[in-house]
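Since the structure comes first, as structure tokens, the remarks are kept for the end.
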Amino acid sequence: MNIRRERTKMVNVEISKIAESSRLESLIIRNRSAEAGGGWEMANCAGGFDPMNITIGKIVTEHGDNGREFLIETTRHLTYKASGFRTVGLSPVSYYQENVTVELDFYKVSDDADSLGSVSLNWSDTEGDSTSAIHCAVIENQSGGHRMVALSHENDLKLFVAEAVTPPALEAYVAQSGHTDDIFNNFNLGEQNVQFSQEGPGVWRYNYSATTGNGLGASGQVVLDLLP
């Protein structure tokens, strides 16, 4: 996925006029259960699976108001293009406007619909580690040499960590049932880190950590096996 942001009308803010990033997004498409209505569904890195509607030459996913419409190029190749204009408010007296263009190509690499790898989690409010399968994963290379990572497992786990952002963008978010709260970092209220030890194309491995200002933290290792 390639993302381009063209920024204009900056009021009381100084950031680059052009920001570009490239993203590796891996996800699972699978059959929905009969209880869920049957058909197909696609994993979403913001959490859960989105129902899919397949028509002639297109796949349309449902995710609130932010679904995607893919063009079916071949049985193993989907494409998606979108652009939109928005105003980003930093404070009551500080904002900028930007036009965002997104272009992506998805390729089917396996018939396996179980997982893309695993993530370990060590929370500060519980003892011991837990491990979850990964159904959607993102690694994004951003301007300035920074990276952002994200992943999800069903509706039970969401993880997002960015090395650098422009406020008020999110810096880190980790949510999993069974804990006292979610980790939600922005405006430099908290700390987060990502460190890669192995890089693709078949296997990606990295360590992550995120801690809120009140001391709640989570850390662990992510292993993505994208070509099973």
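The values are calculated or read from the model by the stated rules, or taken from the named source; none is laboratory data. Because the structure is predicted, anything quoted here is derived from the model rather than measured. All Cβ positions, glycine included, derive from the backbone under ideal geometry; neighbour counts span all protein chains shown. Heads up: the accessible areas ignore ligands, DNA and RNA and are worked out on the full protein's heavy atoms, side chains in. Shrake-Rupley method; radii C 1.70, N 1.55, O 1.52, S 1.80 Å.
Within region 97-125, the set of residues being more than 20 Å from the chain's Cα centre (by Cα) and surrounded by 14 or more Cβ atoms within 10 Å (Cβ to Cβ) comprises 97, 98, 122, 123, 124. Where strands (runs of 3 or more DSSP E) fall wholly inside region 46-95, the ranges with 1 or more residues that are closer than 28 Å to residue 166 by Cα and not charged (D, E, K, R) are 77-91. All of 130, 124, 94 fail the test of being out of contact with any helix residue (DSSP H, G or I) (no Cβ under 9 Å at 6 or more places or on another chain), modelled with pLDDT of 95 or more and not aliphatic (A, V, I, L, M), apart from 124.
For residues that are of a type in the set (A, V, I, L, M, F, W, C) and over 19 Å from residue 104 (Cβ atoms), scanning just region 19-39, find the one that is modelled with the highest pLDDT.
Among residues in region 19-39 that are of a type in the set (A, V, I, L, M, F, W, C) and over 19 Å from residue 104 (Cβ atoms), the one modelled with the highest pLDDT is 34.
Considering only residues in region 180-189 that are modelled with pLDDT of 95 or more and open to solvent by less than 80 Å² (accessible area, probe 1.4 Å), the one that is farthest from residue 146 (Cα to Cα) turns out to be 182. Looking across region 154-196, the residues that are small (Gly, Ala, Ser) and within 10 Å of residue 218 (Cβ to Cβ) come down to 172, 175. Considering only residues of region 1-28 that are among the aliphatic types (A, V, I, L, M) and farther than 21 Å from residue 159 by Cβ, which is most open to solvent (accessible area, probe 1.4 Å)? Result: 18.
Checked against (1) assigned to a strand (DSSP E or B); (2) in contact with a Pro (Cβ under 9 Å, 6 or more places away or on another chain), residue 104 passes all but condition (2). Which residue, of 141, 155, is within 30 Å of residue 110 (Cβ to Cβ), open to solvent by 70 Å² or more (accessible area, probe 1.4 Å) and in contact (Cβ under 8 Å) with a residue 40 or more places away in the chain? One residue alone meets the criteria, 155.
To keep it simple, each residue is scored yes or no on (1) in contact with a strand residue (DSSP E or B) (Cβ under 6 Å, 6 or more places away or on another chain); (2) open to solvent by 30 Å² or more (accessible area, probe 1.4 Å).
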position	(1), (2)
31	no, yes
35	no, yes
38	no, no
42	yes, no
45	yes, no
50	yes, no
54	no, yes
61	yes, no
77	yes, yes
